[in-house]
Amino acid sequence: MDLVGQVGDTLTPQDPAERLSKLRVELLPIDLIVQWRRCSKMADFLAGYFEYHFEDRPVAAQVLSTGLNELIENLAKFSANKQKPVSIEINHYGELLTVTTENEAARPQTTALRARLARMATTDPEELFLEQLEHTASSDRAASGLGLINLKKDYGARLAAEIRAVPDDPERFVVSLQLELNVDAIERG
Ligand SMILES: Nc1ncnc2c1ncn2[C@@H]1O[C@H](COP(=O)(O)OP(=O)(O)OP(=O)(O)O)[C@@H](O)[C@H]1O
Ligand SMILES: [Mg+2]
């Protein structure tokens, strides 16, 4: 199967002129791995920066931090080269907020991500959640494998990825993962 291309939910096209805020951070996965708490600290910081857009700031910060933490932990875990910079970009448009992460990943992780996003785009998140719970219980994997599914199940997030080839390395791919949240889902918690 060719891994390259777009996969996942259809995201809402955005007009840059409608953008209210943008923040982009670049960091090395190794920093997250040597101090795992940096994942949640970075997630909390970014969530705190964006919470001012919302009426119920504590609820919004909690939702944003949860979503960001999940994507940041994935950057730490699944980046192929832990010393190659990865990025997190958040954009706030009136009704929507998007988080885009970019990292390089090896073929097995990229394949798993592609399969997961394709499945998530066509299957009810509650059903996938139960299916994944059973799968984790019957295998001895440490990770629950529920991170992305939970974002969809709990907050109605849309998730998609653009996967690109890395020149001269057929075993590596650039993964640009995009999470889209409705502002009212962020406010509801
Ligand atoms: N940024 C990424 N780059 C490459 N592969 C990724 C990335 N994020 C996720 N994946 C792949 O998609 C799979 C599903 O990700 P998900 O976050 O749902 O589960 P997990 O991280 O394995 O477990 P958990 O989030 O419950 O700890 C991962 O196991 C990994 O193979
Ligand atoms: Mg995860």
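Structure notes:
- By the rule of a C-alpha distance below 15 Å, with chain neighbours fewer than 8 residues away ignored, the aspartates and glutamates paired with Lys22 are Glu51, Glu89, Glu95, Glu180.
- Note on Lys82: no lysines have a C-alpha under 16 Å away, same-chain residues under 8 apart excluded.
- Label-point gap, in nm, between Thr111 and Asp31 - each point 7 angstrom along Cα→Cβ: 3.3 nm
- Our coupling estimate for region 13-27, obtained by passing each phi through the Karplus curve with A = 6.51, B = -1.76, C = 1.60 and θ = phi - 60°, is x, 10, 8, x, 5, 8, 6, 9, 8, 8, 8, 10, 10, 10, 8 Hz, Gly and Pro reported as x.
- Most tightly packed first, judged by the mean number of other beta-carbon atoms within 10 Å of their residues, the peptides 18-26, 111-119 read 111-119, 18-26.
- Choice from Leu28, Leu130, Leu159 showing the highest fluctuation, given a GNM over the chain with Cα pairs closer than 10 Å: Leu130
- For region 105-136, applying the loop criterion from DSSP together with a ceiling of 13 other beta carbons within 10 Å to the GluC sites (Glu not before Pro) yields no site.
- Over all directions, the projected convex hull of the C-alpha atoms in the chain averages 11.1 nm² in area.
- Derived scalar couplings ³J(HN,Hα) [region 76-86; Karplus, 6.51 cos²θ - 1.76 cosθ + 1.60; whole Hz; x for Gly, Pro]: 5, 6, 10, 6, 5, 10, 6, 10, 9, x, 10
- Region 95-189 shape via C-alpha gyration tensor axes, a/c threshold 1.5: oblate
- For the options Leu68, Leu46, Leu27, a Gaussian network treatment of the chain with springs between C-alpha atoms closer than 10 Å singles out Leu27 as fluctuating the most.
- Full extension of the chain between Leu133 and Arg19 gives 37.3 nm of extra length, using 0.36 nm per residue less the Cα-Cα distance.
- Calculated FRET efficiency for the pair Thr122/Glu95, C-beta based, R₀ 22 Å, to 0.05: 0.35
- 3J(HN,Hα) from dihedral phi, region 129-141, Karplus parametrisation 6.51/-1.76/1.60, rounded to Hz, x for glycine, proline: 4, 5, 4, 5, 4, 4, 4, 5, 5, 8, 10, 10, 5
Only the coordinates and a few stated rules stand behind these numbers; no lab work does. Keep in mind that what you see is a predicted model, and the values were worked out from it rather than measured. With ideal geometry, Cβ positions are generated from the backbone for all residues, glycine too; neighbour counts draw on all protein chains shown.
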